[in-house]
Amino acid sequence: MKSWGEAQWRSASSNFSRVGRLRRALLLLAAAACTAAGVLYWRQQTDDSAHRPLQSMLAGVEPQWSWICRNDRCERLLASETSIVQSLPTCNMLCASTQLWPQPTGPVSLATAAVRVRSNGFSLKVLASPSRQVTEHLNDAFFLMRDDLRTLERTAGIENRRSDSATRDVLVRVAVNGSGDPRMKQDTDESYKLALRPSGKSLVVDITAHSFSGARHGFETLSQLVWLDPYTSSLLALEAATVEDAPKFRYRGLLLDTARNYFPVSDILRTIDAMGACKMNTFHWHISDSQSFPLRLTSAPQLAQHGSYGPGAIYTTDDVKAIVRKARLRGIRVLIEVDAPAHVGKAWTWGPLEGLGHLAHCVEVEPWSTYCGEPPCGQLNPRNPNVYKLLERIYAEIIELTGVDDIFHLGGDEVSERCWAQHFNDTDPMELWIDFTRRAMLALERANGGKAPQLTFLWSSRLTQSPYLERLDKKRYGIQVWGSSRWPESRAVLDAGYRTVISHVDAWYLDCGFGSWRDSSDGHCGPYRSWQQIYEHRPWIEEMPSVATGAEQWRIEGGAACQWTEQLASGGLDARVWPRTAALAERLWSDRVEGATADVYLRLDTQRSRLLAKGIHAAPLWPRWCSHNPHACL
């Protein structure tokens, strides 16, 4: 080893001295930066102006834009032109709009200042619960909410970062005083109250409700008071808020058809998440049709064996249980519809092989246009008693899998009178239809432990028109009206006093506007239904019959968007359904008098961002420039 001389030592000593001075200078700069950040934070917390902007503690990259709240609107400026650097999400949350979706129906008060929070700083304390089941569901639903917040943190790479002294813990206290049944039911009270306030170095959130579902809606609203600030790379929450809320309509649904084309379980679970984010409560699963029967039932495995598209296009009972579990924690019931007596196909052709006779007629008959609306055709044999025995087993298993026993959907649309007249020329096909509905209802009662559900739905059809409508018991049956709002027969159901779910084809059919796969026409339902049209459709505000006329009062349970899937498959679902269905969700929850105002645009754009953060690929409302400059686009 070579030894150093005196000159080398003097040179090294000089270098070490320079390094020491540089290190001291860096330490002073770091201290100055921390002091400046502290001053900025202190100023943000103590500013008494009407809208206190959250000063940005930049996360390594200087932002190009800053948004400033002026005259109750966020205006975009070049960051180099202003001393206030604030992100768009933060400006939106702290400016005039409530940014909640759906808009609450009761009084709302929101602070205009924010504090830092972390997902692992959220904790739950159940103060009151009517049952162990409700307590368990509250804990599981809270964990789901916290997982959503963790997902936000992961997108910013801050999941494992330590909390600093400026980060607040959040204690969520929940009291449920009411139903001990955590399921969404016909009589579930979904109202809730939320109060968020600072307490020392923490935030305390009190949620009170009369059901698990109401408390879960409170969790959803709380999650909307928390957002990811991209400039600080941290979660922020409003420091104070009060919300009182309850839905206007008790049925807020989305129908998904998984028979025309198959959708994997992951698509359905993602749809459930989006529905929960919008406080919808009914996933209407149109699980079978003439094209396929993808549900493998223990009670009737032959249906999927003969009717599915293949092994990779089947829903097992475990799949259904997983979907039902996720849905329940999101405050949603799963309403499985096995359509009958029409809309059946190859799945029902195995009867003769097993000594059960013909379970269906006109299966894949040609020319199809004579017997049904689209190929393939087929409908059940109303004179075969084995059909009703099989339906009883199917209904019993569906009720067991879903836990939904107070509401049911029998299907019942588009029966071909020609088909039945061809096989039973001694009886009026409409009488066969009425008899089938009566016997299917008896099968449902037996499947449900000898008790009819509180509400059993049929699709609107010729059977729900006069003179046949009067033969359906109003105490048993409800009608899902799919026809145009302008059709007299659609209004006739309401005028007759039947409990009704509205799914008007001219407003809430999501498959319209994509042409027809059979020809070059616009298709059976014409033009595309925009989110604005969906939002502004309020058929219940028409003149309702008065008591003086002797007519029944309208009994609208709510509504549902319908996503039929002849021309849709996995990969395109999210953008087709969202955010249009979110517009329906607010219509049915809040039913605000105004239409698609500037505030609605702004809040729906924010809600779309929340859906994107959950992994739901919702379609954009407009160019991104309009998100940056919303008031310039309206």
Residue-normalised accessible area of segment 248-390, expressed per residue, 1.4 Å probe, Å²: 31
Computed label-point distance, nm, for sites GLU489 and THR298 using a 7 Å Cα→Cβ extension: 4.1
Amide H contacts of ILE336 (H built 1.01 Å from N, under 5 Å, at least 5 apart or other chain): TRP285
Nearest 10 degrees, 0 to 90: helix 429-447 Cα axis against the chain principal axis: 60
Average accessible area per residue (Å²) across segment 469-529 - probe 1.4 Å, nucleic acids and ligands excluded: 45
Amide H partners (placed H, <5 Å) of ASP289, local residues excluded: none
Hydrodynamic radius of segment 253-594 per Kirkwood, over alpha carbon pairs, in Å: 20.5
Residue-count net charge about LYS125 - beta-carbon cut-off 13 Å; Lys, Arg +1, Asp, Glu -1: -1
Point-charge dipole on Cβ atoms (K/R +1, D/E -1) for the chain, about Cα centre, debye to 20: 2960
Residues in segment 560-599 reached by a label modelled at SER266 [backbone nitrogen below 15 Å; 7 Å Cα→Cβ]: 570-574
Sulfur and carbon atoms: percent of accessible area, segment 314-429 [1.4 Å]: 47
Surrounding net charge for PRO264, when Lys and Arg each add one and Asp and Glu each subtract one, Cβ distance under 11 Å: -1
Gain upon complete extension [SER83, SER123; 0.36 nm per residue less C-alpha separation]: 10.7 nm
Helix 265-277 vs. the chain, principal-axis angle (Cα, 0 to 90°, nearest 10): 70
As computed over segment 97-245, the Cα convex hull volume per residue (Å³): 110
Accessible surface of segment 168-249, 1.4 Å probe, proportion on carbon and sulfur as whole %: 48
Hypothetical label at GLU364: residues of segment 267-307 whose amide nitrogen lies under 14 Å (7 Å Cα-Cβ projection): 290-293, 306-307
Sequence-distant residues sharing a close amide H with ARG173 (under 5 Å, placed H): LYS125, VAL205, ASP206, ILE207
Of all DSSP beta bridges in segment 454-502, antiparallel share, percent nearest 5: 0
DSSP beta bridge pairing in segment 253-594, given as percent antiparallel to the nearest 5: 10
DSSP bridge orientation in the chain - percent antiparallel, rounded to nearest 5: 40
Exposed-loop-free span, longest in the chain, where GluC sites (Glu not before Pro) count as exposed if DSSP calls them loop and at most 11 other C-beta atoms lie within 10 Å: 1-541
Exposure rule at most 13 other beta-carbon atoms within 10 Å, DSSP loop trypsin sites (Lys or Arg not before Pro): the chain longest free segment: 202-450
Cα coordinate range in segment 491-542, projected on the principal axes (Å, largest first): 40, 23, 14
Mean-position separation - Cα centroids, segment 91-148 and segment 317-388, in angstrom: 41
Crossing angle, helix 580-589 versus the chain [Cα axis fit, 0-90 degrees, rounded to tens]: 80
Computed [θ] at 222 nm, helices only, for the chain once each DSSP H run of length n ≥ 4 contributes -39500 (n - 2.57): -10500 deg cm²/dmol
Karplus-derived 3J(HN,Hα), 6.51/-1.76/1.60, for each residue of segment 103-109, Hz, glycine and proline x: 4, x, 8, x, x, 9, 9
Cross-link partners of LYS125 among aspartates and glutamates (Cα-Cα below 15 Å; sequence separation of 8 or more within a chain): GLU136, ASP140, ASP169, ASP206
Those residues of segment 256-294 whose amide nitrogen sits under 17 Å from the label point placed on ARG325, 7 Å along Cα→Cβ: 265-270, 272-273
HN-Hα J in Hz across segment 405-420 - Karplus 6.51, -1.76, 1.60, θ = phi - 60°, x for Gly and Pro: 10, 9, 8, 8, 10, 8, x, x, 10, 6, 6, 8, 5, 4, 4, 5
Volume per residue that the Cα convex hull of the chain spans, once the total is divided by residue count, Å³: 227
Segment 86-97 - phi-based ³J(HN,Hα) in whole Hz, Karplus 6.51/-1.76/1.60, Gly and Pro as x: 9, 6, 5, x, 5, 4, 4, 6, 9, 8, 6, 5
Reachable aspartates and glutamates from LYS185, criterion Cα separation under 13 angstrom, eight or more residues apart if same chain: ASP405, ASP406, GLU557
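The values are calculated or read from the model by the stated rules, or taken from the named source; none is laboratory data. Keep in mind it's a predicted model, so treat the numbers as computed, not measured. Positions of Cβ are backbone-derived with ideal geometry, glycine not excepted, and every protein chain shown enters the neighbour counts. Accessible surface is based on the protein model in full, side chains and every heavy atom, while ligands, DNA and RNA are left aside. Shrake-Rupley method; radii C 1.70, N 1.55, O 1.52, S 1.80 Å.
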